[in-house]
Amino acid sequence: MSLQELDYNVDIVMCIDATGSMSPIIDEVKNNATRLREKFLDEMKKANKRVENLRIKIIAFRDFGCDAEPFTESKFFKLDEEKTEFIDFVNNITATGGGDEAENSLEALAAALKSDWTKSGTVRRHVTLMYTDAPALALQDRKDSEKYPEDMPMDLAELREWWDGQNMENRAKRLIVFAPNVWPWNELEDWEQTFPYYSQAGAGCGENDMETCIRILVNSI
């Protein structure tokens with residue numbers, strides 16, 4: 001069967017650091033999120049890969065220890081049908097709070113892995129994108145917060161078990177990380193189907209433009 005005959009059903013979960021340190025770059029990240037569909041589909045077409053269905057979900061995260069709204073998770077938006085609703089959700093994300101440098105990004109990643117990934121299509125791709133300019137708090141570090149989500153991994157080792165586990169279809173899963181070269185992101189290098197792209201710690205993700213993201217995404221699919 002040729003590439004043109006394959007139907008790709010693609011789910012993308014975007015984990016976006018929405019803390020104050022992202023203020024200089026958050027509008028660029030949001031703009032890239034809203035333009036992701038058009039650019040992705042165009043590049044897939046150039047690669048002779050036909051996307052039958054595309055859904056995108058957003059998880060915006062901060063710090064459960066000090067933020068009034070530490071975690072915002074959307075549903076999967078079906079694009080094109082729910083494009084306006086998706087754009088409205090993205091545009092409502094503001095960069096604020098966060099407390100100290102490390103954030104609850106690993107909890108956001110864990111929530112992404114628990115998503116209701118599509119099981120339809122000839123070829124499925126379950127893609128998680130992580131955008132952050134900071135290291136992560138250890139899992140369970142903020143467990144005493146009343147807002148801390150239930151059913152989180154105990155540590156990074158257990159999170160990797162989730163990545164390797166039954167909820168993630170081995171041939172479908174992809175993880176693309178835009179983050180500084182610090183713990184825990186440099187620990188993910190040996191995770192299967194994971195693509196790290198390092199930025200300077202504390203400097204945002206300005207150099208991690210949409211073209212880089214799309215190139216990694218299309219080539220990995």
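The values are calculated or read from the model by the stated rules, or taken from the named source; none is laboratory data. All values derive from a computational prediction rather than experimental measurement. Every residue, glycine among them, receives a Cβ derived from its backbone with ideal geometry; neighbour counts consider all protein chains shown. For accessibility, only protein heavy atoms count, side chains too; no ligands or nucleic acids. Shrake-Rupley method; radii C 1.70, N 1.55, O 1.52, S 1.80 Å.
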Exercise for the section: Take the stretch 157-167 and flag every residue that is open to solvent by 30 Å² or more (accessible area, probe 1.4 Å) and among the hydrophobic types (A, V, I, L, M, F, W, C). Expected result: Ala157, Trp162
Exercise for the section: List every residue pair whose Cβ atoms lie under 9 Å apart, where the two residues are 6 or more positions apart in sequence or sit on different chains, the first residue falls within the stretch 148-166 and is more than 23 Å from Thr118 (Cβ to Cβ), and the second residue, located anywhere, is among the basic types (Lys, Arg) and surrounded by 11 or more Cβ atoms within 10 Å (Cβ to Cβ). Expected result: Tyr148/Arg142; Met152/Lys143; Pro153/Arg160
Exercise for the section: With the checklist (1) open to solvent by less than 50 Å² (accessible area, probe 1.4 Å); (2) under 17 Å from Leu137 (Cα atoms) in hand, flag the one item Cys66 doesn't pass. Expected result: (1)
Fill in the blank from the handout: Among Asp144, Asp133, the single one that is of a type in the set (Asp, Glu) and surrounded by fewer than 22 Cβ atoms within 10 Å (Cβ to Cβ) is Asp144
Problem - Any pair with Cβ under 7 angstrom, 6 or more apart, that starts in the stretch 68-85 at a residue that is without any contact (Cβ under 8 Å) to a residue 60 or more places away in the chain and ends at one that is surrounded by fewer than 16 Cβ atoms within 10 Å (Cβ to Cβ) - result: Phe77/Glu85
Practice task
Only residues that are part of a strand (DSSP E or B) and among the β-branched types (Val, Ile, Thr): list them for the stretch 114-168, please.
Solution key: Val123, Val127, Thr128
Practice task
For the stretch 109-121, indicate whether the set of residues that are closer than 14 Å to Trp185 by Cβ and crowded, with 19+ Cβ neighbours inside 10 Å is non-empty.
Solution key: yes
Problem - Single residue of Thr72, Thr34, Thr94, Thr84 found to be among the hydroxyl-bearing types (Ser, Thr, Tyr), open to solvent by 30 Å² or more (accessible area, probe 1.4 Å) and within 15 Å of the chain's Cα centre (by Cα) - result: Thr72
Practice task
Could you please find all residues in the stretch 37-63 being in contact with a strand residue (DSSP E or B) (Cβ under 9 Å, 6 or more places away or on another chain), among the acidic types (Asp, Glu) and open to solvent by 40 Å² or more (accessible area, probe 1.4 Å)?
Solution key: Glu52
